[in-house]
Amino acid sequence: MLHRPYQEKDFIPRSTPELYLDNWNGETYAPSNIALIKYWGKSGLQIPMNASLSFLLPQSITRTRAKATLLKQPAGRVLFNFRFQGAENPDFNRKIAAFFDRISVFMPFLPYYKWEFESTNNFPHSAGIASSASGFGALAKLLIDFEKALYPHAGPDYLYRKTSFIARLGSGSAARSVTGPVSVWGSHPDIPGSNDLYAIDFPFEIHQNFGQVTDLILLLEKEKKEVSSTQGHALIDTHPFKKSRIEQARQHLSGLSASLQTGDWEQFGKITETEALTLHAMMMTSDPYYILMQPSTLRWIKQIWDLRKSTGIPVYFTLDAGANLHIIYPTSYEKRIFDNLEEISQTDKLLNRIEIIPRNSD
Ligand code: DP6
């Protein structure tokens, strides 16, 4: 059945909660994701400049616990305490305070509680792996679990969409961490149901050639990156290539969607690599310009191109907003790739096994 998108006003509760709980404890997790069609540029309250498409990274996760305690009277704004890997982090506190300000109209029950969060990642934070995606994905899931406890009659479809809607208001890419394994966020003419407010599951059948995909992240740079994604997005407003980028992203998403359906790894890889290079080219041509790749990033790109040329193995790369390289290939080719790229075994890496078509689903 065709999904007719919800509008912003649909996410404002129409009634007061059916009950208030004195104490509530929740725990959940959300995976990170890697965009193949990049979200780069936004307007207003997290409205993307173009539609993006991503794969979930099921083994790179944020796990978060929440405790909500009913206050004697509601506070003027949401009171919270957030600990990440056991400690408070001023950067996170600022981001989460802004998040609560944005979502309070959609979750008016939040200021009635004092919130305590404990969160951990199983991968390095701020290393060009979307930790804000899994972080806000997990927070959104928790808050929706809480909303469900207050409004036990809310429907599952509504709550599913609202989870992505709330996650988006924390970090755009987080909208795609609560759907999947293949998600589309942002309105696109080829993708029915796609919209700017929340991500949806890729709505078409995916070819068997993409059944089991691996995303291998080479951890080439573990330091915090110099320019955050949020700063990078802001530079697109006045970017000289803004208009052509919007058109390119639209065409790329059409092409990638087609390749996933027909099983065409070559077309998939060409678009994926063009997107990664365009993202970084946009950074290099912003005002001010900057570079997030490292010499090792380029060296590895070259190795992947050489390997592909000499063996024909469908192995491609993408990049997030950082120096770390994501190598993407059908999982069945892994041994051949490792045998040919000996240096891989000595390099720090993260493996994500993406079951786009679960093995037992035929
Ligand atoms: C390059 O979602 O981190 O990873 O919405 O400001 O939090 P904010 O930005 P963020 O941007 C991600 C940019 C990207 C591409 C992508 O994930 O689509």
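The rows are residues; the columns are (1) in the same structural domain as SER132 (by TED's automatic domain parsing); (2) over 20 Å from the mean Cα position of the chain (by Cα); (3) farther than 21 Å from VAL213 by Cβ.
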position	(1), (2), (3)
LEU292	no, no, yes
PRO295	no, yes, yes
ARG299	no, yes, yes
ASN340	no, yes, no
GLN346	no, yes, yes
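The single condition from (1) surrounded by fewer than 17 Cβ atoms within 10 Å (Cβ to Cβ); (2) over 19 Å from the mean Cα position of the chain (by Cα); (3) under 26 Å from LEU325 (Cβ atoms) that PRO240 fails is (3). Considering each residue of segment 283-297 in turn, at least one proves to be away from the ligand (no atom under 16 Å from the Cβ), within 24 Å of PRO124 (Cβ to Cβ), of a type outside the set (Gly, Ala, Ser) and in a loop (DSSP other than H, G, I, E, B). Filtering segment 303-340 to residues that are in contact with a helix residue (DSSP H, G or I) (Cβ under 6 Å, 6 or more places away or on another chain), surrounded by 15 or more Cβ atoms within 10 Å (Cβ to Cβ) and not in a strand (DSSP E or B) leaves LEU307, ILE313, PRO314, VAL315, ALA321, ALA323, ASN340.
Would you mind stating whether LEU260 is away from the ligand (no atom under 16 Å from the Cβ), in a loop (DSSP other than H, G, I, E, B), touching a residue at least 40 places away in the same chain (Cβ under 8 Å) and under 30 Å from ILE337 (Cβ atoms)? Answer is no for this residue.
From the list ALA98, ALA140, which residue is of a type outside the set (S, T, N, Q), within 16 Å of the ligand (Cβ to nearest atom) and without any contact (Cβ under 8 Å) to a residue 12 or more places away in the chain? None of the other options fit; the residue is ALA98. Inspection of segment 225-245 finds a residue satisfying the criterion of being farther than 25 Å from SER171 by Cβ, in the same structural domain as SER296 (by TED's automatic domain parsing) and part of a helix (DSSP H, G or I). Determine which member of the set LEU218, LEU197 is farther than 16 Å from GLY41 by Cα, more than 13 Å from the ligand (Cβ to nearest atom) and in contact (Cβ under 8 Å) with a residue 40 or more places away in the chain. Exactly one residue qualifies, and that residue is LEU218.
Which count do you get for residues in segment 182-192 that are under 23 Å from PRO58 (Cβ atoms) and surrounded by fewer than 21 Cβ atoms within 10 Å (Cβ to Cβ)? Number satisfying all stated conditions: 1. State which residue is farthest from LEU253 (Cα to Cα) when the search covers only segment 1-58 and only residues that are surrounded by fewer than 16 Cβ atoms within 10 Å (Cβ to Cβ), among the β-branched types (Val, Ile, Thr) and in contact with a Phe, Trp or Tyr (Cβ under 9 Å, 6 or more places away or on another chain). Looking at residues that are surrounded by fewer than 16 Cβ atoms within 10 Å (Cβ to Cβ), among the β-branched types (Val, Ile, Thr) and in contact with a Phe, Trp or Tyr (Cβ under 9 Å, 6 or more places away or on another chain), I get THR16. HIS233 meets the conditions (1) within 11 Å of the ligand (Cβ to nearest atom); (2) crowded, with 21+ Cβ neighbours inside 10 Å in every case but one. The failed one is (2).
Taken over segment 32-81, the criterion of being among the aromatic types (Phe, Trp, Tyr) and away from the ligand (no atom under 16 Å from the Cβ) is satisfied by PHE80 alone. Would you please list the contacts, defined by Cβ atoms under 8 Å and residues six or more apart or on different chains, that run from a residue in segment 293-321 that is over 24 Å from LYS225 (Cα atoms) to a residue that is surrounded by fewer than 14 Cβ atoms within 10 Å (Cβ to Cβ) and at pLDDT 95 or above? Final answer for the pair search is PRO314/GLU266.
For PRO189, the conditions (1) more than 12 Å from the ligand (Cβ to nearest atom); (2) modelled with pLDDT under 95 are fulfilled apart from (2).
Residues checked against (1) touching a residue at least 12 places away in the same chain (Cβ under 8 Å); (2) closer than 20 Å to GLY41 by Cβ:
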position	(1), (2)
GLU147	yes, no
PRO156	no, no
SER173	yes, yes
PHE202	yes, no
ILE236	yes, yes
LYS243	no, yes
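Checking segment 158-177 against the condition returns a match, with at least one residue being modelled with pLDDT of 95 or more, of a type in the set (Val, Ile, Thr), part of a helix (DSSP H, G or I) and within 15 Å of the ligand (Cβ to nearest atom).
The values are calculated or read from the model by the stated rules, or taken from the named source; none is laboratory data. Keep in mind it's a predicted model, so treat the numbers as computed, not measured. Reconstructed Cβ throughout: ideal geometry from the backbone, glycine too, with neighbour counts over all protein chains shown.
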